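K.L.:
Okay, handing you the structure first.
The values are calculated or read from the model by the stated rules, or taken from the named source; none is laboratory data. Keep in mind that this is a model prediction, so the values were computed, not measured. Methodologically, a virtual Cβ is constructed for each residue, glycine included, from the backbone with ideal geometry; neighbour enumeration extends over all protein chains shown. Only protein heavy atoms, including side chains, enter the accessible area calculation; ligands, DNA and RNA are left aside. Shrake-Rupley method; radii C 1.70, N 1.55, O 1.52, S 1.80 Å.
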Amino acid sequence: YSATAIHADQWLPLESGTDAALGLAVARHLLETGAIDLPYIREQTDLPLLARLDTGRFLRESEMVNGGNADQLYMWHPQKNAPVPAPGCLNNTTRNLKLAFEPPIDGQWKVKLADGKEVGVVPVGAMLKEHLDSWTFEHAAKVTHLHIDQIKKFAEGWAKAQRPMVLSSWGSNRYVHSDLMNRTKLLLLML
């Protein structure tokens, strides 16, 4: 609590170094309630990119086509019911990120690789949702030492904000795995 904090609308005295726990609970809430900017997510993030279930790595053109580009990633095209090259990848000739279709950020499909092997693929968004399953308000409260109602109020406020903002200073960077705290802040802004 500080001279600055007394002017805040809401002050959260979370346990030092547990920013990511709070952020993951908020991210789960945003996805559960649909309080996300889906057009932005589809066009500007990696959530619609396909990942292989057997390796957990991005599906690449070099795996789909003999002699294919290892930098070319894929999205699922619902109308074609097939993976298609994602724009914006290195050496991709498409110079526009605008999509002519709406790639899903959830789901699961099978694809046949160039070597004939069939593998399951999911969008990164599906992997994110699975990771967030355990980050309930109750679980975050145990980690952050905040009351569940404080976390819920914060999450609902974030969901209703037209333009949420994070002012992140060097303080959280003093902790082990501070990169994960910062990535969680970026995740919330992205959603």
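K.L.:
Given the conditions (1) under 25 Å from LEU30 (Cα atoms); (2) in contact with a strand residue (DSSP E or B) (Cβ under 6 Å, 6 or more places away or on another chain); (3) free of Cβ contacts under 8 Å to residues at least 24 places away in the same chain; (4) of a type in the set (Gly, Ala, Ser), and given that ALA70 satisfies all but one, which numbered condition is not satisfied?
P.N.:
Of the numbered conditions (1) under 25 Å from LEU30 (Cα atoms); (2) in contact with a strand residue (DSSP E or B) (Cβ under 6 Å, 6 or more places away or on another chain); (3) free of Cβ contacts under 8 Å to residues at least 24 places away in the same chain; (4) of a type in the set (Gly, Ala, Ser), the odd one out for ALA70 is (1).
K.L.:
Now a separate question. Please go through the stretch 38-96 and give me each residue that is farther than 17 Å from ASP115 by Cβ, assigned to a loop (DSSP other than H, G, I, E, B) and of a type in the set (Val, Ile, Thr), ordered by number.
P.N.:
The answer is THR45, THR93, THR94.
K.L.:
Which residues, taken from the stretch 125-150, are open to solvent by 30 Å² or more (accessible area, probe 1.4 Å) and among the β-branched types (Val, Ile, Thr)? Working first, answer last.
P.N.:
Of the stretch 125-150, the ones open to solvent by 30 Å² or more (accessible area, probe 1.4 Å) are 127, 129-131, 133-139, 142-143, 145, 147-150.
THR136, VAL143, ILE148, listed by residue number.
K.L.:
Could you please find all residues in the stretch 108-123 being open to solvent by less than 30 Å² (accessible area, probe 1.4 Å) and within 29 Å of GLU32 (Cα to Cα)?
P.N.:
VAL111, VAL119, GLY120, VAL121, VAL122, PRO123
Residues checked against (1) in contact (Cβ under 8 Å) with a residue 24 or more places away in the chain; (2) of a type outside the set (A, V, I, L, M, F, W, C):
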| position | (1), (2) |
| --- | --- |
| ILE36 | yes, no |
| LEU47 | yes, no |
| MET75 | yes, no |
| PRO78 | yes, yes |
| ARG95 | no, yes |
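K.L.:
Continuing with this model, one more query. Which of the residues that make up the stretch 123-162 are of a type outside the set (Ser, Thr, Tyr), under 30 Å from LEU73 (Cα atoms) and out of contact with any Pro (no Cβ under 7 Å at 6 or more places or on another chain)?
P.N.:
Those that are of a type outside the set (Ser, Thr, Tyr), under 30 Å from LEU73 (Cα atoms) and out of contact with any Pro (no Cβ under 7 Å at 6 or more places or on another chain): VAL124, ALA126, MET127, LEU128, LYS129, GLU130, HIS131, LEU132, ASP133, TRP135.
A quick yes/no check of all residues on (1) under 29 Å from MET181 (Cβ atoms); (2) open to solvent by 30 Å² or more (accessible area, probe 1.4 Å):
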site: TRP11; (1), (2): yes, yes
site: LEU49; (1), (2): yes, no
site: THR55; (1), (2): yes, yes
site: TYR74; (1), (2): no, no
site: HIS77; (1), (2): no, no
site: VAL84; (1), (2): no, no
site: LYS98; (1), (2): no, yes
